[in-house]
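What follows is a set of notes on a single structure, which appears directly below.
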Amino acid sequence: MEAHYIDAVLKGNANAFGYFIRTYQNQAFSLAVSLVKREADAKDVVQDSFIAAYSSLGNFRKDAKFSTWFYRIVVNTALQFLKRQKRRSEVVSDYAITDDEKTAVNSALAQLRQEDLKRLVVTVLKKIPPKEAMVLQLYYIDDQNIAEIMEITAFSNSHVKVLLHRGRTAFYKHMESEDIKKPY
């Protein structure tokens, strides 16, 4: 179905691009917020991302998923925005966490209802470093697997796993600091 809209846009029907905006604007906004932290900045990133996608739609490989291609544009646009604003801080978190705590975090995450998890993750995403927040957003909220995250972000497998680990660790620390009751 998306191929139909892509062909229509490429043939000059700019209104057909509205399908992509309606379909992907919410997830793109959530992804952008996880990186840039401020909603106003995220709106700018999403708008710039849609403009970039529209402008380069002719380069889209139709054998790929549009969503993956577009989310990569969102990630790149957000990272460029952070560089321009000089807000990207290289935060190196050196949390020490035991294997029992890792198991407890994974267990707690599995037991939370999906809605509560999403709401909690969105709150915590604003408090952790951008790349870790982005990977948690993609993995837990947008239900992307590691291979899809690698394709969206252009990060290596090990980098995605490290960011996921750091993100979970930061998530756990924020849960403790917020005194959120853990269901274990």
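Annotations for the structure displayed:
- Test result for L57, surrounded by fewer than 19 Cβ atoms within 10 Å (Cβ to Cβ), in contact with a Leu (Cβ under 9 Å, 6 or more places away or on another chain), more than 23 Å from Q144 (Cα to Cα) and at pLDDT 90 or above: no
- Residue list for the stretch 22-31, filter: farther than 12 Å from A78 by Cα and buried (at least 18 other Cβ atoms within 10 Å of the Cβ): Y24, Q27
- The set of residues from the stretch 61-80 being under 16 Å from E2 (Cβ atoms) and surrounded by fewer than 16 Cβ atoms within 10 Å (Cβ to Cβ) comprises R61, K62, D63, A64, K65, T68.
- Residue list for the stretch 32-54, filter: open to solvent by 60 Å² or more (accessible area, probe 1.4 Å) and among the hydroxyl-bearing types (S, T, Y): Y54
The values are calculated or read from the model by the stated rules, or taken from the named source; none is laboratory data. Just so you know, these numbers come straight off a predicted model, no measurement behind them. With ideal geometry, Cβ positions are generated from the backbone for all residues, glycine too; neighbour counts draw on all protein chains shown. Surface accessibility is based on the protein's heavy atoms, side chains included, excluding ligands, DNA and RNA. Shrake-Rupley method; radii C 1.70, N 1.55, O 1.52, S 1.80 Å.
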